[in-house]
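See below for the structure under consideration.
The values are calculated or read from the model by the stated rules, or taken from the named source; none is laboratory data. Only a predicted model underlies this, so the values are computations on that prediction, with no experimental measurement involved. The accessibility values were calculated without ligands, DNA or RNA, using every heavy atom of the protein model including side chains. Shrake-Rupley method; radii C 1.70, N 1.55, O 1.52, S 1.80 Å.
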Amino acid sequence: MYQLALLYLACMLAGYGLTMVPVSAVITSGIASFFTIVGSLAMIIFGLAILYLGVKALLGK
């Protein structure tokens with residue numbers, strides 16, 4: 001179960017990385033805004049999943 005929580009944490013960090021993608025000549029502002037939306041959704045979804053695992057562990061399944 002700890003491996004799953006660490007995987008979710010890694011996914012949240014990847015989502016944070018997507019939100020911090022700078023706009024450059026290769027990555028246009030449209031693609032950067034798409035990455036921001038996807039990264040935000042990933043952080044929210046996997047954050048909720050980690051909270052669910054924590055509550056499940058506290059209540060004993």
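Using the heavy atoms of the protein chains alone and a 1.4 angstrom probe, what is the accessible area of the chain per residue in square angstrom?
Value for the chain: 76 Å² per residue.
Under the rule of -39500 (n - 2.57) per DSSP H run of 4 or more residues, summed and divided by the residues of the chain, what mean residue ellipticity at 222 nm is obtained, to the nearest 500 deg cm²/dmol?
Value at 222 nm, helices only: -28500 deg cm²/dmol.
Could you work out how far helix 2-19 tilts from the main Cα principal axis of the chain, as a 0 to 90 degree angle to the nearest 10?
Long axis of 2-19 versus the principal axis of the chain: about 20 degrees.
³J(HN,Hα) across segment 47-58 via Karplus (A = 6.51, B = -1.76, C = 1.60, θ = phi - 60°), whole Hz, x for Gly/Pro?
Ordered by residue, 3J(HN,Hα) equals x, 5, 5, 5, 4, 4, 5, x, 5, 4, 5, 5 Hz.
Just Met12, Met20, Met43 to compare: in a GNM of the chain, with alpha carbon springs under 10 Å, which one fluctuates most?
Ranking Met12, Met20, Met43 by mean-square fluctuation puts Met20 first.
Over segment 1-59, what percent of the accessible surface lies on carbon and sulfur atoms, probe 1.4 Å?
80
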